[in-house]
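One structure is given below, encoded as structure tokens.
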Amino acid sequence: MHASVKTILLNGTPLDFSTLEKIGSGSFVPVVAEQSFERVDAAHKVIADRIALGLPVYGANTGVGSMKDRLWTVDDLSEFNTALVRAHHFGTGPLFSPVIVRKAIAIRVNTALGGHTGCSVDLVKAFLGLLERGVVPAVHRHGSIGCADIGLMGQVASVLTGIGEAFFGGALLPAEEALRRAGLEPFVMLPRDALAALSVNAPAFAAATDVMREAASAVRILMATGLMSSLALGASADPWRVAATLGTRGEALVGSWLYGQSGVVDWPLPTAIHDPLSLRMTAQVFGAVVDTLLVAAERLVDATYLSDDNPVVLGGQVHASGASLPLTTTLYIETAQIAFSHVARNVLNRCILLSNGVRRNLPINLVAPGEVASGLGPLMKLVVELYMRVQSLAVPLSAQSIVVAGGLEEEATFLPLIVERMETQVRDLQQMAAIEALLSAQAIDLLGDTSQGVTRIAYDRVRAVSPIYMRDRPLSKEIEALHAEFASEDLLRAIVSAAPMPEFDDFFALGH
């Protein structure tokens with residue numbers, strides 16, 4: 001292990017976002033205490049004893065899926081377990097990032113440490129060896145319907161046996177070569193090891209924690225751009241104070257943050273007795289997404305330690321399990337996706353208000369006085385498209401049905417696909433934040449306002465890339481550059497540092 005890499009203890013208890021980020025980055029390597037291995041070994045002995053008696057154990061000495069009733073002889077077990085891993089190496093499409101693959105391996109290890117999986121201690125140590133020696137299996141992300149990510153974990157398990165591809169030292173290599181360079185030997189699967197290495201949702205959970213943290217980052221930046229546009233539009237801060245006192249958990253968090261930050265700025269007098277809903281209900285809209293993200297993320301943290309294996313060892317017995325269907329977690333994640341569509345609409349509405357030229361006597365399309373220009377109004381077409389993209393991806397997938405494996409597998413969550421769609425939503429929301437900031441900066445300059453606090457941070461980021469809009473000019477490259485800026489960890493850290501929201505920021509390890 002490299003001297004700069006630190007260790008972090010796994011013991012079968014929940015893994016929080018901070019721990020997963022440390023492991024995913026590769027700067028921390030997980031280790032396991034001996035007492036945790038004792039639980040793993042005790043469960044494995046239950047499996048081994050049952051097989052020694054000639055009794056069937058699903059996926060250990062029987063086939064899987066439609067082959068569940070095929071009982072293999074002792075002489076066939078070694079070949080069967082090796083073949084089982086290879087049969088489930090069928091992922092396609094783009095690769096998961098090394099960060100997600102490391103997290104997935106850590107989650108698989110951690111869920112096994114509860115003592116219910118029945119795999120061997122050697123399998124757990126083989127997984128840990130990949131993380132310790134810096135071998136990252138190449139995992140293509142298409143190949144799971146969200147009821148045990150067998151086609152995804154099959155690519156990880158295959159690398160353990162010397163099959164497939166893996167990254168080592170920055171190079172993509174045949175798995176056998178990657179193991180050799182790392183000083184590791186191909187692993188020989190014992191009965192139960194093969195299915196334990198395959199039949200879990202660890203990749204989907206890992207990818208979900210990654211996108212949920214990215215979504216939380218986007219929400220924090222969107223709150224800053226929403227405050228910026230509310231400043232430019234002369235919104236009343238009173239409804240935020242009410243939300244801080246009388247709102248739900250998320251509403252109170254957001255209302256308190258918005259109202260507190262409005263006090264940092266020389267806030268203009270309200271321009272109307274009763275603001276439009278898109279201004280008056282900002283705390284409710286962002287509060288809903290904050291709340292749904294927190295609840296979904298809490299369920300994800302639960303998933304990092306609860307066994308989703310089938311079968312499981314419980315009370316010294318082997319039981320069939322339905323835990324490979326993570327429906328509760330998936331439904332909460334889908335709820336967060338619906339909340340994103342409300343945030344996108346809220347951003348769209350404020351952008352339209354900025355462009356309409358009604359509030360505070362702003363010029364239509366934010367055209368500078370005396371200039372002959374179309375101004376920033378045409379950008380509304382892009383903002384509307386981005387909103388519709390976010391909205392269209394909020395339609396739930398988990399209720400879709402499909403029957404495979406001889407009618408044995410008719411339930412699915414499609415969690416990996418849901419995560420992939422959420423990634424697109426987050427990217428579109430980040431671009432919407434960039435455009436809202438661009439419009440707000442133009443309005444602030446036209447009004448002669450002075451921004452401070454997080455609004456100043458956002459304003460300065462806009463003006464570092466995009467000068468005040470006087471005459472019509474192409475904006476494509478500016479918007480893409482602003483998108484990158486408003487999706488950056490650097491901006492997130494600046495906002496979290498200047499205006500923290502600890503209950504939310506700390507949970508998602510934002511700005512660390």
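Bear in mind that the values in this text are calculations on the coordinates, not laboratory data. Computed from a prediction, not measured in an experiment: that's the story for all the values here. Glycine gets a Cβ as well: all are built from the backbone with ideal geometry, and neighbour counts include every protein chain shown.
In the chain, if the dipole is taken from +1 on Lys/Arg beta carbons and -1 on Asp/Glu beta carbons about the Cα centre, which of Ser392, Gln35, Leu491 is farthest to the positive end?
Leu491
Please work out how much length the chain gains when fully extended from Ser97 to Asp506, using 0.36 nm per residue of separation minus the C-alpha to C-alpha distance, in nm with one decimal.
Between Ser97 and Asp506, full extension yields an extra 144.9 nm.
Place a point 7 Å from the Cα of Ala373 along the Cα-to-Cβ direction; which residues of region 432-465 have their backbone N under 17 Å from it?
Zone members listed by number: 435-449, 462-465.
Which of Ser440, Leu327, Ser217 sits farthest toward the positive end of the charge dipole of the chain, with +1 on the Cβ of Lys and Arg and -1 on the Cβ of Asp and Glu?
It is Ser440, whose Cα lies furthest towards the positive end.
Could you run the Karplus curve 6.51 cos²θ - 1.76 cosθ + 1.60 with θ = phi - 60° over region 312-317 and give me ³J(HN,Hα) per residue in whole Hz, x for Gly and Pro?
Per-residue couplings from phi come out as 10, 9, 9, x, x, 10 Hz.
Once R0 is set to 30 Å, what does the formula 1/(1 + (r/R0)^6) return for the Cβ-Cβ distance between Ala464 and Ser18, expressed as a FRET efficiency to the nearest 0.05?
Working: r = 30 Å, r/R0 = 1.01.
In this case the efficiency is close to 0.50.
Report which label in [x] 23; [y] 20; [z] 28 holds the value of percent of Cα pairs over 42 Å apart derived from the coordinates of this structure.
Read-out from the structure maps to [z].
Please list, in order along region 9-15, the HN-Hα scalar couplings obtained from phi with the Karplus expression 6.51 cos²θ - 1.76 cosθ + 1.60 (θ = phi - 60°), rounded to whole Hz, x for Gly and Pro.
With coefficients 6.51, -1.76 and 1.60, one gets 7, 9, 9, x, 9, x, 9 Hz.
Would you please give the residues with an amide H less than 5 Å from that of Leu173, counting only those at least 5 places away or on a separate chain, with H modeled from the backbone geometry?
Residues meeting the amide H criterion: Ala166, Phe167, Phe168.
List the DSSP H helices in the chain whose Cα atoms stretch 30 Å or more along the helix axis and whose mean Kyte-Doolittle hydropathy is at least 0.0.
What comes out of the filter, once short or polar helices are dropped, is 202-233, 282-303, 327-356, 415-447.
What shape does region 104-206 take by its C-alpha gyration tensor, where a ≥ b ≥ c are the square roots of the eigenvalues and a/c under 1.5 counts as rounded, a/b above b/c as prolate, and the rest as oblate?
Details: a/c = 1.77, a/b = 1.26, b/c = 1.40.
Taking the square roots of the gyration eigenvalues as a ≥ b ≥ c, region 104-206 is oblate.
Once the Cβ-Cβ distance between Val358 and Leu172 is put in as r, and R0 is 45 Å, what FRET efficiency do you end up with, to the nearest 0.05? Display every interim value, and only then the final one.
Details: r = 56 Å, r/R0 = 1.24.
Using R0 = 45 Å, I get an efficiency of 0.20.
If you place +1 on the Cβ of every Lys and Arg, -1 on the Cβ of every Asp and Glu, and leave all else neutral, what size is the dipole of region 115-223 about its Cα centre, to the nearest 20 Debye?
Taking the Cα centre of region 115-223 as origin, the dipole is about 220 debye.
Go through Ala232, Pro363, Val404 and say which Cα lies farthest out towards the positive end of the charge dipole of the chain; charges sit on Cβ, +1 for Lys and Arg, -1 for Asp and Glu.
So the residue furthest toward the plus end is Pro363.
Normalised by the residues of the chain, what does the relative contact order come to in percent, with Cα pairs under 8 Å and at least six apart? Please list the in-between numbers first.
Values: 954 pairs, mean separation 84.3, N = 512.
Relative CO of the chain lands at 16 percent.
Extending each Cα 7 Å along its Cβ direction at Leu314 and Ser78, get the distance between those two points in nm, one decimal.
3.5 nm
Mind putting a number on the dipole of region 7-199 about its Cα centre? Charges go on the C-beta only, +1 for Lys and Arg and -1 for Asp and Glu, and I need it in Debye to the nearest 20.
Charge dipole of region 7-199: 340 debye, to the nearest 20.
Please list the non-local residues whose amide H lies under 5 Å from the amide H of Thr62, H modeled 1.01 Å from N, same-chain partners needing a gap of 5 or more.
For Thr62, whose amide H was placed from the backbone, the distant partners under 5 Å are Val57, Trp72.
For Leu314, list long-range residues whose amide hydrogen, built 1.01 Å from N in the peptide plane, is under 5 Å from its own amide hydrogen.
His319
Considering lysine pairs in the chain that are 8 or more places apart or on different chains, how many have Cα atoms under 27 Å apart?
Lysine pairs meeting both conditions in the chain amount to 9.
Nearest 0.05, what FRET efficiency do Asp41 and Arg86 give at R0 = 22 Å with Cβ-Cβ as r?
My answer for the efficiency is 0.25.
Nothing charged except the Cβ atoms of Lys and Arg (+1) and of Asp and Glu (-1): what's the magnitude of the dipole of region 391-479 about its Cα centre? Round to the nearest 20 debye.
So the magnitude is around 560 debye.
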